[in-house]
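The values are calculated or read from the model by the stated rules, or taken from the named source; none is laboratory data. All values reported here derive from a predicted model rather than from experimental measurement. Virtual Cβ from ideal backbone geometry, glycine too; neighbours counted across all protein chains shown. These accessible areas exclude ligands, DNA and RNA; they are computed on the full protein's heavy atoms, side chains included. Shrake-Rupley method; radii C 1.70, N 1.55, O 1.52, S 1.80 Å.
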Amino acid sequence: MFFINKENLVEASNDKPIKVAIKGEWKGHANGVFKIDDKDLESMIDNFNQKKIDIVIDYEHQTLKNEKAPAAGWIKELFLENDALMAKAEFNEEAKKYIANKQYRYLSPVFEFNAKDNKSGKLIRAKLHSVALTNTPFIDELDELIANKNNQNKGEKMDEKIKELESQIIALKDENGLLKKENEDLKKQNEESTKDLANSLVENALSSGKIANSQKEWALTYACKDLEGFTAFINSAPEINNMQNNKFANKNTPSNNEELDVVKMMLEA
């Protein structure tokens, strides 16, 4: 049996009951005329409560076709509400996606009347055999299924949060790349400034006679690595000309036409 009310919508979620049967009479079904009354609805509830298994929700009544019939969900409880048979159901994730994408919109319950109980053999007035997800309902007197709004909102919010985090990560990467480039530029500028200052100190040391021309390369390397150390060295180093004219000069002192090794002399001092 297929029941749907296009004016009403029911959220397909584990905490929202779905309508699976109502009272009434239908004369156009292929299996003949049938009707459902209060006693039939109560019989369906009693039969369900006596069983130890849930009622399957399948796709397109596959359970009736003796073929592979994966469940879309399970009915966990039946109860009456406003003269209708309501069910608490659990839909699996695949079914929820079908419903959310409007690939399946309607419910189709299957009823059995005057069937025998499997265990006792007694006649059962009416029972709910199964419920199917379908798009071709027999009668439009049950509620249309829609995706749970809360779940949709949670999903949308989660997607938005993920996109926001991805944007933040991209922004941080861009910022990190920019900072890295700025750091490299600053490092390069600092190296150039240090080199310029080292050149200046070495030239001053040469012009003031603190070092010899043969020591220029060494002095530049020293100054670039340690400006403070080189500056301290130059400040404490005597002028080469003064050392050459020192009255205490001896045979170990180079002649006027020889250049002094200032570094060696400083180490020997």
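If the requirement is being in a loop (DSSP other than H, G, I, E, B) and among the basic types (Lys, Arg), which of these qualifies: Lys68, Lys76?
Lys68
Quick one: in region 12-43, which of the residues that are farther than 18 Å from Ala132 by Cα and of a type in the set (Lys, Arg) is modelled with the lowest pLDDT?
Result: Lys27.
Quick one: in region 36-65, which of the residues that are in contact (Cβ under 8 Å) with a residue 40 or more places away in the chain and in a loop (DSSP other than H, G, I, E, B) is nearest to the chain's Cα centre (by Cα)? Walk me through how you get there before you give the answer.
Filtering region 36-65 down to residues in contact (Cβ under 8 Å) with a residue 40 or more places away in the chain leaves 36, 38-41, 43-45, 47-48, 55-64.
Filter once more, so that each one left must be in a loop (DSSP other than H, G, I, E, B): 60-61.
On the way: Glu60: 35, His61: 37 Å.
In this case the residue turns out to be Glu60.
Please determine, by comparing only the residues of region 207-221 that are farther than 16 Å from Asn190 by Cα and free of Cβ contacts under 8 Å to residues at least 12 places away in the same chain, which one is nearest to the chain's Cα centre (by Cα).
Glu217
Table: residues versus (1) in contact with a Pro (Cβ under 8 Å, 6 or more places away or on another chain); (2) within 22 Å of Lys39 (Cβ to Cβ); (3) assigned to a strand (DSSP E or B).
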residue	(1), (2), (3)
Ala87	yes, yes, yes
Ile99	no, no, no
Phe113	no, yes, yes
Asn118	no, yes, no
Arg125	no, yes, yes
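Please name all residue pairs, on different chains or six or more residues apart, with Cβ atoms under 6 Å, provided the first residue is in region 68-91 and is within 13 Å of Ala132 (Cα to Cα) and open to solvent by less than 80 Å² (accessible area, probe 1.4 Å) and the second residue is modelled with pLDDT under 95 and outside any strand (DSSP E or B).
Within 6 Å, the pairs are Ala69/Gln62; Ala69/Thr63; Ala72/Ala95; Gly73/Asn92; Gly73/Ala95.
For residues in region 226-239 being in a helix (DSSP H, G or I) and either open to solvent by less than 50 Å² (accessible area, probe 1.4 Å) or touching a helix residue (DSSP H, G or I) at 6+ places or on another chain (Cβ under 9 Å) (or both), which is farthest from Ser193 (Cα to Cα)?
Filtering first and then ranking leaves Ser236.
Where the second residue is open to solvent by less than 70 Å² (accessible area, probe 1.4 Å) and of a type in the set (Asp, Glu) and the first is farther than 16 Å from Phe138 by Cβ and lies in region 104-125, which pairs have Cβ atoms under 6 Å and are six or more apart or on separate chains?
So the pair list comes out as Ile124/Asp117.
So is Asn101 surrounded by fewer than 19 Cβ atoms within 10 Å (Cβ to Cβ) and closer than 19 Å to Gly24 by Cα or not?
no
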